[in-house]
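Visitor: Handing you this structure, nothing more for now.
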2 protein chains.
Amino acid sequence: MDTSRIQLAHGGGGQLTAELIRDVILPALGGGQDPHALADAAVLETGGGRLAFTTDMYVVQPLEFPGGDIGKLAVCGTINDLAVCGAKPLALSMGLVLQEGLEIDLLQRVLDSAGRQARQAGIRVVTGDTKVVERSALDGIIVNTSGVGLIGADVRLGFDRIQSGDRVVLSGPLGEHGLAVMSQRKGLSFTADLVSDCAPLHELVSDLLDELGENLRFMRDPTRSGLAAVLADIAESRGVDIEIEESAIPAHRTARSAAEMLGLDLLQVANEGKLVAVVAEGAARRAVDVMRRHAIGSRAAVIGTIGPAGESPIVELATAAGGRRIVQMPYGEELPRIC
Amino acid sequence: MDTSRIQLAHGGGGQLTAELIRDVILPALGGGQDPHALADAAVLETGGGRLAFTTDMYVVQPLEFPGGDIGKLAVCGTINDLAVCGAKPLALSMGLVLQEGLEIDLLQRVLDSAGRQARQAGIRVVTGDTKVVERSALDGIIVNTSGVGLIGADVRLGFDRIQSGDRVVLSGPLGEHGLAVMSQRKGLSFTADLVSDCAPLHELVSDLLDELGENLRFMRDPTRSGLAAVLADIAESRGVDIEIEESAIPAHRTARSAAEMLGLDLLQVANEGKLVAVVAEGAARRAVDVMRRHAIGSRAAVIGTIGPAGESPIVELATAAGGRRIVQMPYGEELPRIC
């Protein structure tokens, strides 16, 4: 392995991504910020309040897939990055890099889909930029969406608020987005009922903020490297063990089969439109109830518990078969170009 | 010409870009906004004040060029888009798409350069995202920078403030960024003294805002398609004729020669770090004086005058030789991948 060059695995959201951010990106750009400083969104004090600011690059292939496309995915992804830091999304930007020779009809479909999703979510795309590069220099379309949102004065979320005994709540079945894209790419035929779960979370999150208040400790959407990466990040950042129950984790039957057939761990598959929330023990039931009011949260469940502080914190899965295994932070790119 | 497919010229910042934005992008994303609605930056009312929000995709080739690289260019470009709408830059994001196999040393140099430029400008990069794609799917690095800034309560800038008799002021010599990149790419040897003029404008702009007040009507940085595109945009949006004086336009001698050798119109070449300001007639001298206090504005000059309203507004150049010619809005991509 040539460590002097970028590998696909550097983009996977796993350990190798974390190393690239820690060793190359943050020393250059972050000026000594901690490794979470360039995470999904930043919170800025503006004098008049707190502003959330986030950016995402989308390189998904194929550009259109069951249940969505790169445009819808980008809009949902950026809304969700704002929502999980407790912000009410204010506006989005959209930057495009297009390949020379791209069919304008395809571009139109992708943008129509992005626009429709934004309007449905009640959030405007207010600024943009478009570049074109030679056919040999890019395949398809790359999208950047960035977003700004306002954080209410009473919102307090963060790793530092997580306590031993808190519960982990998941808003719905795992892996459908990643596996729908992957199945399309691999031409799997038995997965016809598997569609991307790509959806905006801001309304569900707004209800959680309103109804749980201080009992809502932390939120994250499990995208690249899936639930495993979110839990590993919590365990490491907060220095706590986490235990999750396999039998409690909602998943579509076809998603389980597709993951098995592709040799993937469902916990590591990318989602877009699912929420992981850490809540106070006594508020877990309520969190599930709030989520279930929304179509995208209809299968919400309590899936685990934050344990005590550990010397080398681990995430453990109590398997459906009665065993236990350690959930690994993925090393690199199991599934390139899923989001 | 196959009009059903994207051409390089769609990315050039000229007429074909304007058509793509008007016919494809805005109907999908803009919800009936005018063609300037997805321009360089958006202004958002946040309750507590006005927020400027901007995004840029950078695809420059080569990634490193005399006087800069894609990292420095991206940071300057986004600072400048905020500055020209009268905002004090607050924070930047940086999104990266990397080609598998990219040398990490090259990435490090580019990011160091971006970080150095941001620190010099006193503006933090607060959030980011990195994706990696296969070697066959991209050459090099694509950068997105987005930015947010705050607009002072007393700042009033816009096309609608431009009046007949106002003067056009340019902060420095034209074309050095575009021609330095182009010369590097073409291997021109006589252009050794030509370096990219890429620089952040926010301090110069801040002084202009302070000292000119209401007499500062409008600002724009002449990037893709250069001064010609900015003036065409003003003429069309405001419905006015504009006259500029060739002999008054500052330009580096080597830049003039390089443009001539490459068959390019210096007025259409991309810059990054130059400012076009429209100011009240009586404030033009003062604007030049303010600009000249800054190293990047040392060759600032009054270059033209806003004329009366015209039925089909034109931009006219009074040539050094005593003739007159119409300055065209470039049709497409004279210089692909300059920014």
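Visitor: At B:Gly152, label 7 Å along Cα→Cβ: distances to the other copies, nm, ascending?
Guide: The projected label point of B:Gly152 is separated from its counterparts by 3.5 nm.
Visitor: Amide H to amide H under 5 Å from A:Ile242: which residues, 5+ apart in sequence or cross-chain, H placed 1.01 Å off N in plane?
Guide: Close amide H contacts, sequence-distant or interchain: A:Gly307, A:Ile314, A:Val315, A:Glu316.
Visitor: I would also like to ask the following. Along the charge dipole of chain B, Cβ charges K/R +1 and D/E -1, which of B:Val110, B:Val155, B:Ala295 sits furthest on the positive end?
Guide: Towards the positive end, the residue furthest out is B:Ala295.
Visitor: When DSSP assigns beta bridges and you keep just the ones with both residues in chain B, what percent turn out antiparallel, to the nearest 5?
Guide: Looking only at bridges with both residues in chain B, the antiparallel portion is about 80 percent.
Visitor: Which distances, shortest first and in nm, link B:Gln108 to the matching position in the other copies, using label points set 7 Å out along Cα to C-beta?
Guide: Values, ascending and in nm: 4.9.
Visitor: I've got another one for you. Given the -39500 (n - 2.57) contribution per DSSP H run of 4+ residues, what per-residue ellipticity at 222 nm results for the protein assembly as shown, rounded to the nearest 500 deg cm²/dmol?
Guide: -8500 deg cm²/dmol
Visitor: Ignoring ligands, DNA and RNA and using a 1.4 Å probe, state the total buried accessible area between A and B in Å², rounded to the nearest 100.
Guide: Approximately 6600 Å², summed over both chains.
Visitor: A follow-up question, please. Through the Karplus equation 6.51 cos²θ - 1.76 cosθ + 1.60, θ set to phi - 60°, convert the phi angles of the range B:282-288 into ³J(HN,Hα) values in whole Hz; use x for Gly and Pro.
Guide: x, 9, 5, 4, 4, 4, 4
Visitor: Could you go through the range B:83-90 in sequence order and give the Karplus-derived ³J(HN,Hα) for each residue, using 6.51 cos²θ - 1.76 cosθ + 1.60 with θ = phi - 60°, rounded to whole Hz, and x for Gly and Pro?
Guide: 4, 5, 8, x, 9, 8, x, 9
Visitor: B:Thr46 label point, 7 Å along Cα→Cβ, cut-off 15 Å on backbone N: hits in the range B:113-141?
Guide: B:124, B:126-127
Visitor: Also: Magnitude of the Cβ-charge dipole of chain B, K/R +1 and D/E -1, about the Cα centre, nearest 20 debye?
Guide: Dipole about the Cα centre, nearest 20: 540 debye.
Visitor: Now, a different point. Given +1 on the Cβ of Lys and Arg, -1 on the Cβ of Asp and Glu, and no further charges, what dipole in debye does the protein assembly as shown carry about its Cα centre, rounded to the nearest 20?
Guide: 320
Visitor: What is the percent carbon and sulfur in the accessible area of the range B:39-151, measuring with a 1.4 Å probe over the protein chains and ignoring ligands?
Guide: Carbon plus sulfur share of accessible area: 45 percent.
Visitor: Positive end of the dipole of chain B, charges at C-beta (+1 Lys, Arg; -1 Asp, Glu), about the Cα centre: which of B:Gly68, B:Val276, B:Gly14 has its Cα farthest in that direction?
Guide: Among B:Gly68, B:Val276, B:Gly14, the one farthest towards the positive end of the dipole of chain B is B:Gly68.
Visitor: What does the charge count around B:Thr319 come to, taking other residues whose C-beta lies under 11 Å from its C-beta (Lys +1, Arg +1, Asp -1, Glu -1)?
Guide: -1
Visitor: Right, here's the next one. Which whole-number value in Å² is the accessible area per residue of chain A, probe 1.4 Å?
Guide: Ligands and nucleic acids excluded, the result is 36 Å² per residue.
Visitor: As a test of reading the structure, rank B:Thr254, B:Thr305 by solvent-accessible area (1.4 Å probe, protein chains only), most first.
Guide: Descending accessible area places them as B:Thr305, B:Thr254.
Visitor: Taking a point 7 Å out from Cα toward Cβ as the label site, list the nm distances between B:Arg135 and the same residue in every other copy, smallest first.
Guide: Between copies, matching label points for B:Arg135 lie 2.2 nm apart.
Visitor: Quick one: what are the phi-derived ³J(HN,Hα) couplings along the range A:148-159, Karplus 6.51/-1.76/1.60 with θ = phi - 60°, whole Hz, x for glycine and proline?
Guide: So the Karplus estimates, Gly and Pro as x, are 10, x, 10, 9, x, 4, 8, 7, 10, 10, x, 3 Hz.
Visitor: Let me ask something else about it. Comparing A:Gly71, A:Gly226, A:Gly282, which has the greatest mean-square fluctuation in the GNM of chain A with Cα pairs linked when under 10 Å apart?
Guide: Sorting by GNM fluctuation, first place goes to A:Gly282.
Visitor: For A:Arg124, what residues show an amide H to amide H distance below 5 Å, using hydrogens built from the backbone and excluding near sequence neighbours?
Guide: A:Leu92
Visitor: Once both labels are modelled 7 Å past Cα along the beta-carbon direction, what's the B:Glu245-B:Ser4 spacing in nm?
Guide: Those two pseudo-labels are separated by 5.3 nm.
Visitor: Hey, rough spin-label estimate for A:Asp23 and A:Gln108, points 7 angstrom out along Cα→Cβ, what's it come to in nanometres?
Guide: 4.8
Visitor: Related question: Can you give me the Cα centroid spacing of the range A:133-181 and the range A:232-298 in angstrom?
Guide: Between the Cα centre of the range A:133-181 and that of the range A:232-298, the gap is 14 Å.
Visitor: Here is a further query. Among A:Val24, A:Thr305, A:Val195, whose Cα lies farthest out toward the positive end of the dipole of chain A, if unit charges sit on the beta carbon of Lys, Arg (+1) and Asp, Glu (-1)?
Guide: Checked the options; the winner is A:Val195.
Visitor: On to the next question. For A:Tyr331, list long-range residues whose amide hydrogen, built 1.01 Å from N in the peptide plane, is under 5 Å from its own amide hydrogen.
Guide: HN-HN under 5 Å from A:Tyr331: A:Gln15.
Visitor: Just how large is the dipole of the range B:159-327 about the Cα centre, in debye to the nearest 20, putting +1 at every Lys and Arg Cβ and -1 at every Asp and Glu Cβ?
Guide: 440
Visitor: Report the closest approach of any chain A C-beta to the axis of the A-to-B rotation: residue and distance, in whole angstrom.
Guide: Residue with the nearest Cβ, plus whole-Å distance, for chain A: A:Gly48, 1.
Visitor: Mind grabbing the accessible area of B:Met94 for me, 1.4 Å probe, Å², rounded to tens?
Guide: Solvent-accessible area, nearest 10 Å²: 10 Å².
Visitor: Grab the other residues whose beta carbon is less than 15 angstrom from that of B:Asn215, score K and R as +1, D and E as -1, and report the net.
Guide: That works out to -2.
Visitor: While we're looking at this one, here's another question. Strictly over 21 Å apart at the Cα level, which of A:Lys131/B:Lys72; A:Lys72/A:Lys274; A:Lys131/A:Lys186; A:Lys131/B:Lys131; A:Lys72/B:Lys131; A:Lys88/B:Lys88 would you flag in this model?
Guide: From A:Lys131/B:Lys72; A:Lys72/A:Lys274; A:Lys131/A:Lys186; A:Lys131/B:Lys131; A:Lys72/B:Lys131; A:Lys88/B:Lys88, over 21 Å: A:Lys131/A:Lys186; A:Lys88/B:Lys88.
The values are calculated or read from the model by the stated rules, or taken from the named source; none is laboratory data. Predicted model only: the values in this text are computed from it and were never measured. Neighbour counts run over all protein chains shown; Cβ positions are idealised from the backbone, glycine included. The protein model used for the area step is the full one, side chains on, heavy atoms only, and it has no ligands, DNA or RNA in it. Shrake-Rupley method; radii C 1.70, N 1.55, O 1.52, S 1.80 Å.
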